[in-house]
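None of the figures in this text is laboratory data; all of them are computed from the coordinates on show. Since we're looking at a predicted model, the values are computed, not measured. Here the Cβ is made from the backbone with ideal geometry for all residues, glycine too, and neighbour counts use every protein chain on show.
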Amino acid sequence: MNNGIEGKVVVITGASSGLGEATARLLSAQGACIALGARRFDRIQRLANELSANGGKAIAVATDVTQCDQVKRLVDTAAQTFGRVDVMINNAGLMPNSPLDRLKIDDWNRMIDVNIKGVLHGIAAALPHMKQQKGGHIISVSSVAGHKVRPGNAVYAATKHAVRVLSEGLRMEVKPYNIRTTVISPGAVATELPNSVTEPDVAESVHKIYEAAIPAESFARAVAFALSQPEDVDVNEILFRPTRQEF
Ligand SMILES: NC(=O)c1ccc[n+]([C@@H]2O[C@H](COP(=O)([O-])OP(=O)(O)OC[C@H]3O[C@@H](n4cnc5c(N)ncnc54)[C@H](OP(=O)(O)O)[C@@H]3O)[C@@H](O)[C@H]2O)c1
């Protein structure tokens, strides 16, 4: 029986670790063709080799999501290699949280560039293919911080709110092309994300929160759930947390 995943061509940004890597493994095991994008090419090349050795189909393309032409190259290469693009997962992101009065302007700009513009670049790269195919699925990664702000994460929360707004706007606009849109908002999931915090005291408190983190497969299963629905079912939002997480 078709699981809604087998044979689909899936592009994943931020596939070199964490949620992206776990999703690549799960979807590959379920028969999807995977195009992996991230800046650390050695990591995604190794992952592509591993997925291929296990009987899957995978390619790796060095991609910095802040560069629109690089994201386009990732998606176009997936289309050339596998014949189409069914799913775009805008996953790359970082979380260098700090109170606003520390004026960590470089961190603010990096979050805006990767977490917001990176998602827009993914949409820009995938839409032409999906419009032409009259079908596709764009999944973007927000966060619990896309639903709630708290002291110390204002810029990250703003970028993740933006991802939800973009995904909802996109949802309404792409009806004529039969494209599905899903935004997934995880709580604390065990990945390298806390390492992106640049302020030592903030890093310490983030690492404490992440003691309750759940495995990255929790996210991958949420992606698989959205993908495996019948074509006329569009799962637009998934919000999940560790059972122990209060925020
Ligand atoms: N883990 C959580 O608790 C959690 C919760 C809510 C939301 N999220 C979101 O989940 C997404 C994935 O994060 P993660 O938790 O899996 O963290 P992670 O392990 O640190 O992974 C982040 C990924 O983003 C990629 N990335 C960063 N900057 C990039 C750039 N300029 N161009 C291309 N790729 C870039 C990294 O690859 P390279 O460094 O190799 O480029 C890496 O593959 C992020 O959007 C994050 O905000 C995570």
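Going highest first, how would you order 231-242, 157-168 by mean Cβ packing within 10 Å?
In decreasing order of mean packing, 231-242, 157-168 become 157-168, 231-242.
Tell me, what are the semi-axes, in whole angstrom and largest first, of the equivalent ellipsoid of the range 73-114 as set by the roots of 5 times the Cα gyration tensor eigenvalues?
Numbers: eigenvalues 248, 16, 6 Å².
Values for the range 73-114, descending: 35, 9, 5 Å.
Which GluC sites (Glu not before Pro) in the range 1-66 pass both tests, a DSSP loop state and at most 15 other beta-carbon atoms within 10 Å?
When the GluC sites (Glu not before Pro) of the range 1-66 are filtered for loop state and at most 15 Cβ neighbours within 10 Å, GLU6 remain.
Please list the non-local residues whose amide H lies under 5 Å from the amide H of GLY7, H modeled 1.01 Å from N, same-chain partners needing a gap of 5 or more.
Those lying under 5 Å, H to H, from GLY7 are ALA32, CYS33.
Assuming 0.36 nm per residue, please report the length gained on full extension of the stretch ASN2 to ASP232 beyond their Cα-Cα distance. Don't skip to the answer; put the middle values down first.
Values: separation 230, 0.36 × 230 = 82.80 nm, distance 1.51 nm.
Result for the pair: 81.3 nm of gain on full extension.
In nm, what is the difference between 0.36 nm times the number of residues separating PHE225 and LYS131 and their Cα-Cα distance?
On the way: separation 94, 0.36 × 94 = 33.84 nm, distance 2.33 nm.
The PHE225-LYS131 span can extend by a further 31.5 nm.
Name the residue from THR182, PRO200, SER142 whose Cα lies farthest towards the positive end of the charge dipole of the range 129-206, charges +1 on Cβ of Lys and Arg and -1 on Cβ of Asp and Glu.
THR182
Quick check: convex hull of the Cα atoms in the chain, volume per residue, rounded to a whole Å³?
116 Å³
Given labels modelled 7 Å from the Cα in the Cβ direction, how far is it in nm from THR198 to TYR210?
A separation of 1.7 nm, rounded to one decimal place.
Pairs on different chains or at least eight residues apart, Cα atoms closer than 29 Å: how many lysine pairs in the range 49-199 fit?
24
Using the alpha-carbon centroid of each, what span in Å lies between the range 114-154 and the range 8-22?
Here the answer is 14 Å between Cα centres.
Between 0 and 90 degrees, rounded to the nearest ten: what's the tilt of helix 41-53 against the longest Cα principal axis of the chain?
40 degrees
Compute the FRET efficiency between ALA124 and ARG46 as 1/(1 + (r/R0)^6), taking r as their Cβ-Cβ distance and R0 = 25 Å, and round to the nearest 0.05. Please list the in-between numbers first.
On the way: r = 28 Å, r/R0 = 1.14.
So, using R0 = 25 Å, E works out to roughly 0.30.
How many angstrom separate the Cα center of the range 203-247 from the Cα center of the range 50-96?
Comparing the Cα centres of the range 203-247 and the range 50-96, I get a distance of 21 Å.
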